[in-house]
Structure formats: C-alpha cells, structure tokens
1. Out of the stretch 1-85, which trypsin sites (Lys or Arg not before Pro) are coil in DSSP terms and have no more than 16 other C-beta atoms within 10 Å?
2. Leaving ligands and nucleic acids out of the surface, order GLU103, GLU168, GLU50 by accessible area at 1.4 Å, largest first.
3. If you plug each phi of the stretch 166-175 into the Karplus form 6.51 cos²θ - 1.76 cosθ + 1.60 with θ = phi - 60°, what whole-Hz ³J(HN,Hα) values come out, in order, with x for Gly and Pro?
4. Mean residue ellipticity at 222 nm from the helices of the chain, using -39,500 (n - 2.57) per DSSP H segment of n ≥ 4 over the full residue count, to the nearest 500 deg cm²/dmol?
5. How about LYS62: which lysines have a C-alpha closer than 16 Å to its C-alpha, ignoring those fewer than 8 places off in the same chain?
6. What does the stretch 1-158 give for Rg and for Dmax, in Å, if only its C-alpha atoms count?
7. Counting only chymotrypsin sites (Phe, Trp or Tyr not before Pro) that sit in a DSSP loop (anything but H, G, I, E, B) with at most 12 other Cβ atoms within 10 Å, what is the longest stretch of the chain containing none of them?
8. When the chain is fully extended, how far beyond the present Cα-Cα distance does SER58 get from TYR39, taking 0.36 nm per residue of separation?
Amino acid sequence: MASIAIVGDGPGGLSAALFLAKNGHDVTVYGTDQTAMNYAHLYNYLGIPEIPGTEFQSIAKKQISSFGARLAEEEVTSVTAGDRFELTTASETATADYLILTEGKKPELALSLDLDTDDSGAIVVDRDYRSSRERVYVVGRSARPERSQAIISAGAGATAAVDILAIEAGKNVQDWDTPPKE
Ligand SMILES: Cc1cc2nc3c(=O)[nH]c(=O)nc-3n(C[C@H](O)[C@H](O)[C@H](O)COP(=O)(O)OP(=O)(O)OC[C@H]3O[C@@H](n4cnc5c(N)ncnc54)[C@H](O)[C@@H]3O)c2cc1C
C-alpha cells in the first residue's frame with residue numbers, strides 16, 4: 001500500500017482521502033479547518049438540496065475517518081521532493097510516496113516545489129490533476145482560482161485519487177459498489 005500526504009482539508013483534499021483510504025492506502029490529511037467552506041451555504045451540490053458549508057465539512061471528515069484516513073490538524077510548513085516527499089509541521093516530519101496539494105487560493109507549497117503555472121497564476125495540471133512534477137497532484141481552487149466550486153474540487157480530488165489507485169494497481173480502477181443484499 002502507498003502512503004499519500006494530502007495538504008488541505010477542503011472538499012478537494014477530503015474527497016481524495018475518501019477514495020484512497022477506502023481502498024486501503026495510508027492517508028494523512030493536513031489542515032486547520034481554514035477552508036472557504038466555512039463561509040459557504042451550499043444549494044448547488046448535486047444530491048444535497050441545502051447544507052451549511054461547515055456541516056458539509058463535519059460530515060466529510062467523519063466519513064474519511066471511518067475509512068481509516070488520519071486527520072492531522074496542523075499546517076504543513078515545508079515540503080521537499082526526493083525519492084519520497086518529506087513534510088514538516090510544528091510537531092512532526094512525515095514522508096509519503098505521493099503528494100496531493102489542495103491548498104485553496106494560496107498554493108504556497110506548490111510554488112515552493114517550482115510547479116508550472118499559467119499566466120493567471122493557476123497551477124498547471126493534466127486531466128488527472130497531475131502537476132509538472134512526478135507523483136505531485138494539485139486539485140481544487142489552486143488549479144482553477146477563478147472557477148472554484150465545492151463539487152468541482154471534490155470531483156478533482158476523486159479524479160486524482162483514482163489515478164493513484166490505478167498506478168498502484170497497475171491497471172484501470174473503478175471504485176464501484178452495489179447495494180447491500182437484503
Ligand atoms: C463566501 C463564500 C461562499 C461560497 N459559496 C459557495 C457555494 O455556495 N457553492 C460552492 O460550490 N462553493 C462556494 N464557495 C467556494 C467553495 O468554498 C470552494 O470552491 C471550495 O472550498 C474549494 O475547495 P478546495 O478543497 O479546492 O479548497 P479550500 O476549501 O480552500 O481548502 C483548502 C484548505 O487547505 C488549507 N491549507 C492551505 N495550505 C495549507 C498548509 N500548508 N497546511 C495545511 N493546510 C493548508 C487551507 O487552510 C484550507 O483549509 C464559496 C466560497 C466563499 C468564500
């Protein structure tokens with residue numbers, strides 16, 4: 001199983017964590033609950049008629065914890081890339097095989113890794129949210145600062161996670177479930 005460090009606890013990071021932890025990978029999400037979701041009230045998240053952004057976050061965090069993801073309520077102060085990624089917080093230094101950056105509107109760690117940006121300052125990613133550096137994904141608002149929606153960030157996190165699942169499995173992966181038997 002791979003270890004994946006996810007920087008950012010908004011819908012992009014939590015969605016990536018859900019898919020990866022559900023499939024048995026070792027996942028840590030770093031964040032201090034500073035997400036823009038705490039200012040939002042959602043009427044535009046398909047399948048949920050209406051919900052305060054803070055309540056959405058609370059449900060999502062419980063959901064990923066139930067699949068075994070670890071929530072580290074800390075800011076990542078630096079990250080270095082080598083054979084593995086090394087992340088530093090006030091209380092720990094951790095390593096990971098993959099890095100998913102979902103830093104929101106200020107992608108400081110992405111810039112510290114010299115990831116490619118476009119003319120608008122957005123981090124450049126491909127359709128699986130791979131950045132210009134191997135095993136580094138950038139999802140959500142950091143990759144589309146002027147077109148940011150919760151459901152788009154969640155979809156991006158899921159897309160990046162399924163790409164990692166496929167790489168680790170050595171074949172395409174669909175995380176599909178069927179209804180429980182009566
Ligand atoms: C007032 C307002 C109302 C909104 N209303 C809606 C709405 O009705 N519907 C809708 O779809 N969207 C709405 N949005 C937008 C929505 O909140 C964003 O699209 C969504 O939060 C983006 O998710 P994300 O995961 O990409 O980034 P974010 O939610 O911004 O999450 C990024 C997280 O990463 C953390 N982080 C950054 N750097 C580090 C670090 N080094 N270490 C640890 N953590 C770090 C940040 O603190 C933050 O918690 C609204 C936004 C605002 C401001």
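1. Answer by residue number: ARG84.
2. GLU50, GLU168, GLU103
3. After applying 6.51 cos²θ - 1.76 cosθ + 1.60, I find 5, 4, 5, 7, x, 6, 5, 10, 10, 8 Hz.
4. That calculation yields -9000 deg cm²/dmol at 222 nm.
5. LYS22
6. Rg then Dmax for the stretch 1-158, in Å: 14.5, 45.
7. 44-175
8. 5.5 nm
The values are calculated or read from the model by the stated rules, or taken from the named source; none is laboratory data. Source: prediction; values computed, not measured. Cβ: placed from backbone, ideal geometry, glycine included. Neighbour counts: every protein chain shown. Only protein heavy atoms, including side chains, enter the accessible area calculation; ligands, DNA and RNA are left aside. Shrake-Rupley method; radii C 1.70, N 1.55, O 1.52, S 1.80 Å.
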